[in-house]
Amino acid sequence: MEDNNKKGFTLIEILIVIVILSIMALVVGFAYITFLTHTNVNSTNQEIYSIIKRAQDDSLDNLDGYQNYGVYFSSTSVTLFQGSSYSQTDPTNKVYNFPPSVYISNINPTANNPIVFASQTGQLTNSGISFVLGNISYSINVNININGAVY
C-alpha cells in the first residue's frame, strides 16, 4: 500500500515565498537609499549653516586681525575664507567637501558668490544668495539673506 501523506513544500510554494521575500527586500532597500539621501542632504545643509555662522561670528570678532570673512560656494564644496575677496589659492582657506551624491546648483544671483560678512555689523556686503542643495532624487532650496539668516 502507498503512503499518500507526503510532507514538505511544493516547488510553487517555495517560488511564491522567494518572490514575496524579494519584493520585501526591494522595498526595504529603496527606503534605505531614500533615507541615506535625505540624511546626506540635510547634514550637508547643517554643515553649510554652521560655516556661514562661523564666517559671520569671525567677522564680528575681527578674528586674526581680519575684518571680513566670507563663504564661497561651488557645486561640490563650500570654502570659508579670510578677507573681503575670495582667492582659490589662499592657503588659509578652509574647504568643506560635500558627500559624493550631494551638490549645489542654481546659485542665484551668481554675482553674489561669494558672500562676505562686514566686521562691524555682521551683515552681508551684498544682498544675499540662494541655491538648490541636493541630488537627483531630493533637493532643498537654501536662502541666505543680508543679515546672514539661512532659511
Any chance you could check the Cα centroid distance between segment 124-151 and segment 1-43 for me, in angstrom?
42
Angstrom value of the Kirkwood radius, inverse mean 1/r, which spans all Cα pairs in segment 60-130
12.8
The equivalent-ellipsoid semi-axes of the chain, taken as the square roots of five times the Cα gyration tensor eigenvalues and listed largest first in whole Å, are 55, 13, 12
Per-residue Cβ contact counts at 10 Å, fewest first, order LEU15, LEU133 as LEU15, LEU133
On a 0 to 90° scale, report how tilted helix 11-61 is relative to the longest principal axis of the chain, with both axes built from alpha carbons and the result rounded to the nearest 10.
10
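Bear in mind these aren't lab numbers, they're just calculated from the coordinates by the rules spelled out. Everything numeric here is computed off the predicted structure, so don't read it as measured data. Cβ atoms come from the backbone with ideal geometry, glycine included; neighbour counts cover every protein chain shown.
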